[in-house]
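Colleague: Sharing a structure here in structure tokens format.
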Amino acid sequence: MISTFLEPKYFFTFLLMGTIVYITYLSKKNSSASDFFVGGRSFGWFTNGSAIAGDYLSAATFLGLAGLTFSIGYDGAFYTFSFSIGLTLLAIFVAGPLRRFGAYTVADFVAYRFHSKRARLVAVLVVLSISGFYAAPQLLGAAQILSMFFGTSYEFGIIFTCSVMILYVGVGGMKGTTLNQALELWIRLGAFILMVGAAIYGGLHYDKILSAITNFTGSVANTAAFTEDGKDIAANGQAWATSGVLTPNFLHTVSLIIGLSLGTIGLPHILLRFYTNPSAKAARKSALMAIGIASVFFLFAVYLGVVGRALFLEGNLNPEVMKNLVTGGDNMVVPSIAEVLGGKWLLGLVIAGAFAAIFSNLSGLFIASSGALAHDLYASFSKKELTQKQRVAAGKMAILVLGVLYGLLGLLVKEASIGHLVALAFTVAASTFTPIFLFGIWWRGMTEKGAIAGLLVGLIVSMFMIFFASFLPPALQFKVPGIITVPVGFLTVYIVSKLDRKVPADVNAFMKKVHSKESEVA
Amino acid sequence: MNKEYEMTDQPLGTMDADSLPPLDKETRHIMKSELRTGIGLSTIYYVFIFFIPIINWYLKDFAFSQFWGGMSVTWFLTTIVGMVMAFLIAYIHTKRYEKRLALYDAASHLEEPANNRGGTSA
């Protein structure tokens, strides 16, 4: 029993779980809705910046991006680059004004901007859709990782992860979630820093290994035992180092950039984080901190993918690692390299990092969706005025409901592609909330009807273009259809608003609130 | 008609967009200056971002020529310069914003004594 516990992967995972329980216990006192949903707006830029980065850098980024670079080369690196753009745009156009506005949820912004319960309802629908599409692949990833490293069943993985989330977010609220997210981010980054340090120390310099990979053309030794046809895997270094695998032409690449870069601005769990700072200045610094962390993280992810490829092509890793790299899929690349570079202890830290990534991202989605259910639906449509205690209780009940709903969703998507679902979440966000927030903050002419039409049309068009792409002509079939859905979202808001022309009578006062320096500290 | 802003989802009335009075001078100035900085920086950023797929698809020889060891020009731009740019653009924006905030604070402090001149505080 003790020897099992001292095995690094169990040791680090239990250490992570113990820390989560301790932080959650310390943050359990949530006496008001402000405490539960926005952590009492008390987080400084360092903590919140770490939490934003923790929220943004999911398991798909921690494990998947290095894996993608390992397998498809330059296109994997370009995909990583596309993820790095959005936070910067968010920092420039949305972070400060959103904090000055200072509400509880994303739907609050839409409802208060137009003084409309209808707009709130539609916004809730979109929040739940985006969060659902984002939560499903995270749960899928969690179950796969549990299965890979601890041999558990898929169903157990889903139930376990949802149970942890119910405890973690339900008890700790935004306070516990933020502190846990910040800690979890540094576990992941710590694992990456150690891996990068070990790789450089081992002489795997970037220019040298890239050169070795691009010059390698032929069969990879010692892989035949793990392939279906019993032959060694063929590798072409020149093809690996050039583009054309992920996107077949220039237009698809532009579509990918538009979808992923603008999608970040509309992700509810990221937007929500800017309400938790004490001031707009802190919100902007948090965003800057998150961008710095994310940039370093993405840089390391690509480098580690290259390191993995170089080690793999040498073909002299131990058979178990070679098997994992051939048959384990993209998610096995980072753990495999960790084992090669730092043995079982580094592998243990990486496994804990993978869980940290899943918990961190899922908790953000749980808190954003619980706000939509408890604050936007229950409290806003309740006939009587709820006390602070009742609002917190409603938030906790919403977490429980979401745990069950997301759990069912996770069980349904067992065979789905993680990348497909994540792309769907980004596309829906880019085509719905991004136009609403950009126009809402910077254009007085947006009307309630324009906003509702934009949200609905953006949601429907983006879902259609992803789920029913096969019904469209080949020229309109995109992996990330941002090039079509995002302009449709923006144009719908603009055209309907121009036709409607009925703007809120206090729109000037709204603009003063979100832009004026007087509302710097709310 | 300049109504006070109230955070509520109860209907508070609408007006025709054409009859909207202009924004007050300070808000207009802040929005204009923030938007100018934001659009300027994001234009620079997007020119850089789209430069990469343009060279990848239309100037392949240049994009995939060796730059440093085995690293091609486009690999360097995408994985190293791209990450630095994301931070740099946000950093410049934050610094400019802090500068504007400091100027605003200084202007507010200068106005205070002028407002209090000749009177006593309540």
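Read-outs: derived from the displayed coordinates by stated rules, not from any lab. All values reported here derive from a predicted model rather than from experimental measurement. Cβ sites come from the backbone with ideal geometry, for glycine too, and all protein chains shown count toward neighbours.
Colleague: Which whole-angstrom value gives the distance between the alpha carbon centres of the range A:158-192 and the range A:30-106?
Modeller: 14
Colleague: Can you give the log10 of the normalised intensity I(q)/I(0) at q = 0.16, 0.21 Å⁻¹, computed with Debye over equal Cα scatterers of the range A:344-411?
Modeller: Once normalised to I(0) and log-transformed, intensities are -0.64, -0.86.
Colleague: Near the amide H of A:Leu267, under 5 Å away, which other amide H atoms are found, from residues 5 or more places off or on another chain, if H is placed in the peptide plane?
Modeller: none
Colleague: For n ≥ 4 DSSP H runs only, could you compute -39500 (n - 2.57) per run for chain A, divide by its residues and tell me the 222 nm figure to the nearest 500? Mind showing how you got there, number by number?
Modeller: Values: 24 runs with 371 residues, N = 522.
When only DSSP H runs of four or more count, the value is -23500 deg cm²/dmol.
Colleague: Tell me, what is the Rg over Rh of chain A, with Rh the Kirkwood radius over Cα pairs? Numbers along the way, then the final one.
Modeller: Numbers: Rg = 23.0 Å, Rh = 23.5 Å.
Using Cα coordinates only, the ratio equals 0.98.
Colleague: Continuing with this model, one more query. Determine the shielding of peptide A:86-99 by partner chains: average, over its residues, the number of Cβ atoms on other chains within 10 angstrom of each Cβ.
Modeller: Working: counts 1, 3, 11, 8, 1, 8, 15, 6, 1, 4, 5, 2, 0, 0.
Taking the mean over all residues of the peptide, I get 5.
Colleague: In square nanometres, what is one fourth of the surface area of the convex hull spanned by the alpha carbons of the range A:385-475?
Modeller: Values: hull surface 38.6 nm².
If you wrap the Cα atoms of the range A:385-475 in a convex hull and average its projections, you get 9.6 nm².
Colleague: Could you tell me the relative contact order of the range A:21-506? Use alpha-carbon pairs under 8 Å, at least six residues apart, and round to a whole percent. Before the final figure, lay out the partial values.
Modeller: Numbers: 867 pairs, mean separation 149.4, N = 486.
About 31 percent, as a whole number.
Colleague: Turning to a different aspect of this structure: Which whole number gives the average, over all residues in A:212-221, of C-beta atoms from other chains lying within 10 Å of the residue C-beta? All intermediate terms of the calculation are to be shown ahead of the outcome.
Modeller: On the way: counts 2, 1, 7, 1, 0, 0, 0, 0, 0, 0.
Taking all residues of A:212-221 together, the mean is 1.
Colleague: Alpha carbons only, please: Rg and Dmax for the range A:1-99, in angstrom.
Modeller: 18.7, 54
Colleague: Counting other beta carbons within 10 Å of each residue's own, what order do A:Val350, A:Val503 fall into, fewest first?
Modeller: Numbers: A:Val350 29, A:Val503 25.
Fewest-to-most ranking of A:Val350, A:Val503: A:Val503, A:Val350.
Colleague: Please arrange B:Thr14, A:Thr214, A:Thr177 by counting, for each residue, the other beta carbons lying within 10 Å of its beta carbon, fewest first. Before the final figure, lay out each step's value.
Modeller: Values: B:Thr14 18, A:Thr214 24, A:Thr177 31.
Lowest count first: B:Thr14, A:Thr214, A:Thr177.
Colleague: Work out the P(r) tail for the range B:24-107: percent of alpha carbon pairs separated by more than 18 Å, whole number. Kindly include the intermediate steps, with their values, before the conclusion.
Modeller: Details: 1951 of 3486 pairs.
In whole percent, the share of Cα-Cα pairs in the range B:24-107 beyond 18 Å is 56.
Colleague: What are the principal axis extents of the Cα atoms in the range A:310-361, in Å, biggest first?
Modeller: Here the spans come out as 35, 21, 17 Å, largest first.
Colleague: Mind sorting A:His420, A:His252, A:His115 by how few other Cβ atoms lie within 10 Å of their own Cβ, fewest first?
Modeller: Result, fewest neighbours first: A:His420, A:His252, A:His115.
Colleague: Right, something else. Ignore the peptide's own chain and count Cβ atoms of other chains within 10 Å of each Cβ in A:232-245; give me the average, rounded. Walk me through the intermediate numbers first.
Modeller: Working: counts 0, 0, 0, 0, 0, 1, 1, 0, 0, 6, 7, 9, 3, 0.
Other-chain Cβ atoms within 10 Å of each residue's Cβ, averaged: 2.
Colleague: Past the 28 Å Cα-Cα mark, which pairs from A:Lys28/B:Lys95; A:Lys175/A:Lys513; A:Lys175/A:Lys389; A:Lys396/A:Lys512; A:Lys323/A:Lys344?
Modeller: Details: A:Lys28/B:Lys95 37 Å; A:Lys175/A:Lys513 26 Å; A:Lys175/A:Lys389 16 Å; A:Lys396/A:Lys512 35 Å; A:Lys323/A:Lys344 17 Å.
Listed pairs above 28 Å: A:Lys28/B:Lys95; A:Lys396/A:Lys512.
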